[in-house]
Structures are given as structure tokens and as C-alpha cells.
1. Grab every C-alpha pair in the range 167-227, bin the distances at 5 angstrom width from 0 up to the longest one, and report whole percents.
2. Length gain on complete extension for the stretch residue 13 to residue 46, per 0.36 nm per residue less the alpha carbon to alpha carbon distance?
3. Percent of Cα-Cα pairs more than 28 Å apart in the chain, please.
4. Can you tell me the relative contact order of the range 41-178? Whole percent, Cα pairs under 8 Å, sequence separation 6 or more.
5. Can you check what the Kirkwood hydrodynamic radius comes to for the range 1-46, Cα pairs only, in Å to one decimal?
6. log10 I(q)/I(0), Debye, Cα-only the range 126-234, no solvent, q = 0.10, 0.11, 0.12 Å⁻¹?
7. For residue 187, list the lysines whose Cα falls under 26 Å from its own Cα; do not include residues on the same chain fewer than 8 positions away.
8. Would you list which aspartates and glutamates come within 15 Å of residue 29, measuring only between C-alpha atoms, while excluding same-chain residues fewer than 8 positions from it?
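Bear in mind these aren't lab numbers, they're just calculated from the coordinates by the rules spelled out. Computed from a predicted structure; not experimentally measured.
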Amino acid sequence: MQDLDVRLQQLAHKRKSLPEHAEIESLTKDHTQLRDLLVAAQTEESDCAREQTKAEQDVDQVRRRAARDQERLDSGSVRSPKDLENLQHEIASLARRQGDLEDVVLEIMERREAAQARVAELTERVASLQARIDDATARRDAAVEEIDREVAAVTKEREVVAASVPADLLGLYDKLRAQYGGIGAAKLYQRTCQGCRQELAITELNEIRAAAPDTVVRCENCRRILVRTPESGL
Ligand SMILES: [Zn+2]
């Protein structure tokens, strides 16, 4: 039963310390960071889109006003030299303004394209990271499933063994196991307790030798249950 309990402890430890746990944690951290960068790039892209629409409307407005002025000039309805001069002056000033606003549009478009490229790059990186997380998760799940299958088999085996052990001895064993780092019973091997690795005193060995086979004997030193075998050196 002690061997089975050690096996269960090892399986629990193996389950907890699968390398996939750390791998998934680290990949998830990277994924979260990249997602944040992606959201920032998407926000930048939509901000640029809004700015571009606004700047294009500004250009349109100036263009329409210039066209109106040009029409008035071409129609010949403005006669006074002073008004004509003002109109020509305004048309020239609107042309300059339109040029400036078109530069603004171009600058926004460049920023927008850069943001779009960044969104595309980050989307790809997030997807590839997600694929690696999915792969590691599948590997972890398979490993956990295999361990759980073995845990179930060992647990069943333990139940069978436990059924053959008297209740009070089982209680003592479980109590000692909880108290002494999972080892409640140890083999007596060549006069040495395998629980604490101490060689037993002659008087103690004599007592054990004299004890009936079904007497529960315990290590004088660590108090664990001692299991006698042909190799105990008695
Ligand atoms: Zn001992």
C-alpha cells in the first residue's frame, strides 16, 4: 500500500509540474501583450480613418468655395475692379489653402497605411501564438488524461489492498503518512529502517525478532510502521 501511495504522490507531482503548464502560461502572457498592441493599432487605424474623412471634407469645402468664386469670375457679373481684385485674391488664397489641406490628407493617409500594416502584422502574430497555445493545451490535456487514467488504476488497486488491512492499522498508517511526509510504513532492510535510514539497536531487533508475525512493529527512532521481509536481517 505504501508503494501505491508513493506512486500516487509521484503522479500528483507529475501532473502539477508538466512542462506544458509553464509553456502555456508564458505563451498566454505574450498573447495578452500582443492583443493589447493589436487593439492599440486598431484604435490608431480607426482614429486615422476618422481624421482622414474630416480632412477630406475640409478639402471639399475649400474646393467648392473656389469653384463658386471661379464661376462668379467667369460669369463676368463682377465688374468693379476692387471686387474683381478681391475675388482673384480669394481664389488664390483658397488654392493655397486647398494645397495645404491636401498635404494634411496625404500625411494622415501615410499614418493610416502604417497602422493598417501594423494591424495586419499583429493579427498574424496573435493568430500564430494562438495556434501554439492550442497545441500546448492539447499536449497538456493528453498528458493529464494519461496521468488521470493511471491515478484511477492505482487508486482502484489501493482500495483492494486497503480492504485487506485491519481498520485500526489502516488508521495508524494514514495518520503516520500525513505526519511524516507521505511515508507511514517502511521496510526493515538489513536492520535499517528505510523510513529514517537508521540502523536499529540490538535490543530493538531482538524484540522484533521475538514478535509474532502479525504484530505491528514500529521504528524506535521515527515511529513509522516497520514491514518485515526476508531481507530484514533479523
Ligand atoms: Zn525509522
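1. 4, 20, 31, 24, 15, 6, 0
2. On the way: separation 33, 0.36 × 33 = 11.88 nm, distance 4.93 nm.
That pair, residue 13 and residue 46, stretches by 7.0 nm at full extension.
3. Numbers: 18054 of 27261 pairs.
Roughly 66 percent, once rounded to a whole number.
4. Once normalised by length, the contact order is 33 percent.
5. 13.6 Å
6. Cα-only, vacuum Debye calculation for the range 126-234: -0.47, -0.52, -0.58.
7. List returned: 14, 156, 175.
8. Partners found: 20, 134.
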